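A.B. asks: The structure is given below, and queries will be raised subsequently.
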Amino acid sequence: MNVSFTDEELAFRAEVRSFFENDFPQDILEKQNLSIPLSRDDTVRWHKAAFQRGWGAPNWPQEYGGTGWSTVQKYIFADEQARANAPAYLPFGVSMVGPIIYSFGNDAQKQRFLPDILEFNTWWCQGYSETGAGSDLASLKTRADLDGDHFVVNGSKTWTTLAQYADWIFCLVRTNSDVARRQEGISFLLIDMNTPGISVKPIVLLDGEHEVNEVHFDNVRVPTENLVGEEGKGWTYGKVLLQHERTGIAGVAGSKYALSRLRTQTGTAVRGAEPLASNRIFMRKIAAAEVELKALEYTELRTLASVASGKAPGPESSILKVAGTELRQQIDALCLEAAGYYALPYVRDQYVVDFPDADRIGEGDETHSSLRYFNDRKVSIFGGSNEIQKNIIAKHVLGL
Ligand SMILES: Cc1cc2nc3c(=O)[nH]c(=O)nc-3n(C[C@H](O)[C@H](O)[C@H](O)COP(=O)(O)OP(=O)(O)OC[C@H]3O[C@@H](n4cnc5c(N)ncnc54)[C@H](O)[C@@H]3O)c2cc1C
């Protein structure tokens, strides 16, 4: 595989780097460096900055207002974004429901929803999982019953990320129970979060953060025009969406820069102690992670190339998801090890325990490594747990 970049690609890299250095809201990068969660306003603001630059949807075709970037350009963009420690695009609109709407929606839906996703005028959330229907998603119970020109939705979704901010939710709902296979009779519905009968209940996590929610539907009337594609075919559309989601969760570029920051950090002597770089056992662990990461990067490039040739990512995105998330958690553990006990008592933007010596490692990555370590437990669960991905690999990749 030829991995050298052309002059045009190098110029593109410089353009992207300049965007993050000059035109991206710098206060948001500072928050990122301190692992301070972004507010709704922060998230909207930086997405709009990307939109202003013409980069509202790096993964969409130009026809719908996307960048129309080549695989290599997408790779370079993600690489520079991670290098700047900038936040990743919120996936629910631009990476999830957007591609489903332009692939399977009708013209009216494309005109109505895509421009607002592109400009980040609407915040979307994902309503798939339910209590008892996570891994076994086909057993979902939320119903949408036809009543004239509306569906009446009843049921509950759970683990709905950032639903407290959302304007719209895309849901998998059961429209027909009289089916031979449970995967049939499920439909893909777009629901305005302001519709009467919807309530959002926070799930506060162990670290005190409010990242996920329950969303309850009580006789919620949804116009039939909000049904995407054919009734009963939601499982097929939902599966395509999950494959895109899994490719993104691998987080290769993010891991690359987390690891390179860690390597830089090991060269610094802290509190008069030898730099970590002199600890051969630790450095061997970093080297092993770097080798893994390089292999993963090539696997991701192959998947991107396949998507660029018009194919959906396919079941091999499960390999990326498992390998990428295991590696990310491995890197989180190394960062934690590097910070030692200084990583322990940090919650949000304050120390829970104050250290007697003010000479901490720094206010950067190290002291926030515990936050990242704990929060990233989720990456091997959401988007379909890693155990489920291994089942998919066994069945659809290995043919077992
Ligand atoms: C932080 C976070 C954010 C999320 N955000 C969203 C969101 O925005 N929208 C949304 O719809 N969902 C979201 N989810 C839900 C997520 O997709 C589910 O948690 C996930 O699919 C697992 O389902 P479950 O939690 O019901 O666990 P279960 O399905 O009950 O699984 C429990 C355990 O059993 C294992 N297991 C289950 N079945 C099998 C099997 N057949 N073979 C082997 N092992 C098995 C699983 O791997 C897991 O370890 C989020 C989850 C988290 C943690």
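A.B. asks: Rounded, prolate or oblate: which fits region 3-120 when a ≥ b ≥ c are the square roots of the eigenvalues of the alpha-carbon gyration tensor, with rounded for a/c under 1.5 and prolate only if a/b beats b/c?
C.D. replies: oblate
A.B. asks: I've got another one for you. Quick check: net charge around Q329, other residues with Cβ under 11 Å of its Cβ, Lys/Arg +1 and Asp/Glu -1?
C.D. replies: +1
A.B. asks: Something else about it: Residues in region 146-185, backbone N under 14 Å from the label point at D136 (7 Å along the Cα-to-beta-carbon vector): list them, ranges by number please.
C.D. replies: Residues 182-183 qualify, since their backbone N sits under 14 Å from the label point.
A.B. asks: Between the DSSP loop rule and a limit of at most 15 other Cβ atoms within 10 Å, which chymotrypsin sites (Phe, Trp or Tyr not before Pro) in region 1-80 are left?
C.D. replies: Qualifying residues, ordered by number: F5.
A.B. asks: With Cβ to Cβ distances under 15 Å as the rule, what net charge do the other residues near D23 carry (K, R +1; D, E -1)?
C.D. replies: Result for the neighbourhood of D23: 0.
A.B. asks: So which of K239/K321; K321/K378; K239/K395; K74/K256; K110/K141; K233/K378 end up more than 22 Å apart by C-alpha?
C.D. replies: K110/K141; K233/K378
A.B. asks: Only helical DSSP H runs with n ≥ 4 go in: add -39500 (n - 2.57) per run for the chain, normalise by residue count and round the 222 nm mean residue ellipticity to 500 deg cm²/dmol.
C.D. replies: -13000 deg cm²/dmol
A.B. asks: Another one. How far is helix 107-118 tilted off the main Cα axis of the chain, in degrees rounded to 10, range 0 to 90?
C.D. replies: Helix 107-118 sits at roughly 20 degrees to that axis.
A.B. asks: Compute and list, largest first, the equivalent-ellipsoid semi-axes of region 124-232 from the alpha carbon gyration tensor, each √(5λ) rounded to a whole angstrom.
C.D. replies: 23, 17, 10
A.B. asks: For the chain, with every protein chain kept in place, what is the accessible area per residue (1.4 Å probe, Å²)?
C.D. replies: Result: 48 Å² of accessible area for each residue.
A.B. asks: Additional query: What translational diffusion coefficient, to the nearest whole µm²/s, does the chain have by Stokes-Einstein, given a Kirkwood radius computed over alpha-carbon pairs, a temperature of 10 °C and 1.306 mPa s viscosity?
C.D. replies: Reported coefficient: 70 µm²/s.
A.B. asks: In addition: Where Lys and Arg each count +1 and Asp and Glu each count -1, what net charge lies around E184 among other residues with Cβ under 14 Å from its Cβ?
C.D. replies: Within the 14 Å Cβ shell, the charges total +2.
A.B. asks: Further, regarding this structure: Could you state how much accessible area R17 has, in square angstrom rounded to the nearest 10, with a 1.4 Å probe and all protein chains kept in place?
C.D. replies: Here the accessible area works out near 80 Å².
A.B. asks: Return the loop-located trypsin sites (Lys or Arg not before Pro) in region 176-232 (DSSP other than H, G, I, E, B) with at most 10 other Cβ atoms within 10 Å of their own Cβ; answer none if there are none.
C.D. replies: R181
A.B. asks: Another question, if that's okay. On a 0 to 90 degree scale, rounded to 10, what angle separates helix 71-83 from the longest Cα axis of the chain?
C.D. replies: Around 50 degrees separate the two axes.
A.B. asks: Helix 7-18 against the longest principal axis of the chain: what's the angle in degrees, Cα atoms only, rounded to the nearest 10?
C.D. replies: Taking the Cα atoms of the chain, the angle to 7-18 is about 90 degrees.
A.B. asks: Right, another one. Can you pull the percent of the chain's accessible area that's carbon plus sulfur, 1.4 Å probe, other chains left in place?
C.D. replies: 53 percent
The values are calculated or read from the model by the stated rules, or taken from the named source; none is laboratory data. All of these numbers come straight from a predicted model, not from anything done at the bench. Glycine also receives a Cβ, built like all others from the backbone with ideal geometry; neighbour counts cover every protein chain displayed. When the accessible area is computed, the model is the full protein with side chains, heavy atoms only, and any ligands, DNA or RNA have been set aside. Shrake-Rupley method; radii C 1.70, N 1.55, O 1.52, S 1.80 Å.
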